[in-house]
């Protein structure tokens, strides 16, 4: 979901990093001076979580819940699902993990892309609604036909787990890149902030700018990352509006969230993208401890005040006016 460029320190060595493929994306964990055993532990933890959360692995807890309508969940899966339901309530359903039947119908889980007709979408939307999910004492249940997919928040959750693992091993400086879903643990070894480049959503490969962060996650959502083009030339992105069952067309083309919790940032980027500027601004004005950078369809930048000292526009955006939120 997240298109961010990672600005690695020039001194990083190949043996400081571990790159692997998991959760349907390429991931890199960089621990300056870290051991091979520690990097292996990070990869193993991601794979363990993937085995719990994957919606396509028939042996996962989520796949079993979807197939049987009821499942006793591990602590991790229950925590992730519970957090996702809380995020759905906070965002008035802009983030909704019960969208899976809709997303599958469009082909985003299979690669068999198609545009469902109105009748099919209406039937599928009857199965969408986070309020239909019951979670109590680690046991989840779903009404017939309702299914959940935690892919929109799983990488953020995993980044938090890796940060905790590394801190518990005495690590004070590391960079966790889970497919662009980035967690900067501490500062660089020289004490300076990590500098994370945010890609321009126009697909040019250029950057909107750079944000300087220490001990925070940086997550971006934008449909320019994953989409398909229909026979009539219409482009359909992978971020869906739960209210319509169609790719979101909110007027926001990129949403970046920076904060201390990777899961929260992951959830909010999707929600803000779906909500559009007016609702996004209203939500951001109620939140503390997180910052956001939004790009609208006209190429205008919208940002929370906490980025005044940490965000530096670049390239085509170097002279752009920024509309400040709170």
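What number of residues in segment 87-106 are in a helix (DSSP H, G or I) and closer than 19 Å to residue 156 by Cα? Break it down stepwise before answering.
Taking segment 87-106 as the starting set, the residues that turn out to be in a helix (DSSP H, G or I) are 87-90, 97-106.
Then keep just the ones that are closer than 19 Å to residue 156 by Cα; that gives 87-90, 97-100.
Looking only at that region, the number is 8.
Tell me, please, whether a residue that is surrounded by 16 or more Cβ atoms within 10 Å (Cβ to Cβ), assigned to a helix (DSSP H, G or I) and touching a strand residue (DSSP E or B) at 6+ places or on another chain (Cβ under 6 Å) can be found in segment 29-41.
The initial filter retains those residues of segment 29-41 that are surrounded by 16 or more Cβ atoms within 10 Å (Cβ to Cβ), namely 29-32, 34, 38-39, 41.
This time we only want the ones that are assigned to a helix (DSSP H, G or I), so: 38-39, 41.
Then drop every residue that is not touching a strand residue (DSSP E or B) at 6+ places or on another chain (Cβ under 6 Å), which leaves 39.
So far as segment 29-41 goes, yes, one or more of its residues are surrounded by 16 or more Cβ atoms within 10 Å (Cβ to Cβ), assigned to a helix (DSSP H, G or I) and touching a strand residue (DSSP E or B) at 6+ places or on another chain (Cβ under 6 Å).
Considering only segment 175-191, I want to know if a residue exists there that is part of a loop (DSSP other than H, G, I, E, B), at pLDDT 95 or above, closer than 27 Å to residue 104 by Cβ and touching a helix residue (DSSP H, G or I) at 6+ places or on another chain (Cβ under 6 Å).
no
Restricting to segment 1-28, give me the number of residues that are at pLDDT below 50 and either over 20 Å from the mean Cα position of the chain (by Cα) or not in a loop (DSSP other than H, G, I, E, B) (or both). Talk me through it step by step, then tell me what you get.
At the first step, the residues of segment 1-28 found to be at pLDDT below 50 are 1-12.
Of the ones still in play, those that are also either over 20 Å from the mean Cα position of the chain (by Cα) or not in a loop (DSSP other than H, G, I, E, B) (or both) are 4-6, 8-12.
Within segment 1-28, residues that are at pLDDT below 50 and either over 20 Å from the mean Cα position of the chain (by Cα) or not in a loop (DSSP other than H, G, I, E, B) (or both) number 8.
Please verify whether residue 276 is in contact with a strand residue (DSSP E or B) (Cβ under 9 Å, 6 or more places away or on another chain), surrounded by fewer than 18 Cβ atoms within 10 Å (Cβ to Cβ) and either over 18 Å from residue 225 (Cα atoms) or at pLDDT below 95 (or both), treating the condition exactly as stated. Give the derivation first.
Numbers: in contact with a strand residue (DSSP E or B) (Cβ under 9 Å, 6 or more places away or on another chain): yes; surrounded by fewer than 18 Cβ atoms within 10 Å (Cβ to Cβ): no; either over 18 Å from residue 225 (Cα atoms) or at pLDDT below 95 (or both): yes.
Judged against the criteria, residue 276 is not a match.
Return a yes/no flag: does segment 111-126 have any residue that is in contact with a strand residue (DSSP E or B) (Cβ under 9 Å, 6 or more places away or on another chain) and surrounded by 21 or more Cβ atoms within 10 Å (Cβ to Cβ).
no
Test residue 211 against the criterion of being within 30 Å of residue 186 (Cα to Cα), in contact with a strand residue (DSSP E or B) (Cβ under 7 Å, 6 or more places away or on another chain) and modelled with pLDDT of 95 or more, and give yes or no.
Yes.
How many of the residues in segment 289-326 are farther than 20 Å from residue 248 by Cβ and part of a loop (DSSP other than H, G, I, E, B)? Quick ask: steps written out before the conclusion?
Pass one, segment 289-326, residues farther than 20 Å from residue 248 by Cβ: 289-291, 303-324, 326.
So of that shortlist, the ones also part of a loop (DSSP other than H, G, I, E, B) come out as 289-290, 308-310, 314, 318-321, 326.
Qualifying residue count, segment 289-326: 11.
From the list 55, 46, exactly one residue is over 18 Å from residue 161 (Cα atoms), touching a residue at least 24 places away in the same chain (Cβ under 8 Å) and outside any strand (DSSP E or B). Which is it? Spell out how you get there, then give the answer.
Numbers: 46 fails: over 18 Å from residue 161 (Cα atoms).
When all the criteria are applied, what remains is 55.
Which one of 273, 236 is within 19 Å of the chain's Cα centre (by Cα), over 18 Å from residue 97 (Cβ atoms) and in contact (Cβ under 8 Å) with a residue 24 or more places away in the chain?
Numbers: 273 fails: over 18 Å from residue 97 (Cβ atoms).
The conditions single out 236.
For segment 49-59, which positions are under 19 Å from the mean Cα position of the chain (by Cα) and surrounded by fewer than 16 Cβ atoms within 10 Å (Cβ to Cβ)?
Residues of segment 49-59 under 19 Å from the mean Cα position of the chain (by Cα): 49-56.
Result: 51, 56.
Quick one: residue 286 ticks every box in (1) part of a loop (DSSP other than H, G, I, E, B); (2) in contact with a strand residue (DSSP E or B) (Cβ under 6 Å, 6 or more places away or on another chain) bar one, so which box is it?
The failed condition is (2).
Of everything in segment 62-82 that's touching a residue at least 12 places away in the same chain (Cβ under 8 Å) and under 11 Å from residue 148 (Cα atoms), which residue is surrounded by the fewest Cβ atoms within 10 Å (Cβ to Cβ)?
69
Any chance segment 161-174 includes a residue that's modelled with pLDDT under 95, within 30 Å of residue 66 (Cα to Cα) and buried (at least 23 other Cβ atoms within 10 Å of the Cβ)?
Of segment 161-174, the ones modelled with pLDDT under 95 are none.
Among the residues of segment 161-174, not one is modelled with pLDDT under 95, within 30 Å of residue 66 (Cα to Cα) and buried (at least 23 other Cβ atoms within 10 Å of the Cβ), which makes the answer no.
Just to verify a result, which residue in segment 130-145, among those that are touching a residue at least 60 places away in the same chain (Cβ under 8 Å) and in a loop (DSSP other than H, G, I, E, B), is surrounded by the fewest Cβ atoms within 10 Å (Cβ to Cβ)?
Taking the candidates together, the pick is 144.
Residues that are more than 16 Å from residue 88 (Cα to Cα) and touching a helix residue (DSSP H, G or I) at 6+ places or on another chain (Cβ under 7 Å), at least 2 per element: which strands (runs of 3 or more DSSP E) completely within segment 218-268 meet that? Walk me through how you get there before you give the answer.
Working: elements: 227-229, 235-237, 252-259.
By residue number, 252-259.
The values are calculated or read from the model by the stated rules, or taken from the named source; none is laboratory data. This is a predicted model, so every value here is computed, not measured. Backbone-built Cβ (ideal geometry, glycine too); neighbour counts: all protein chains shown.
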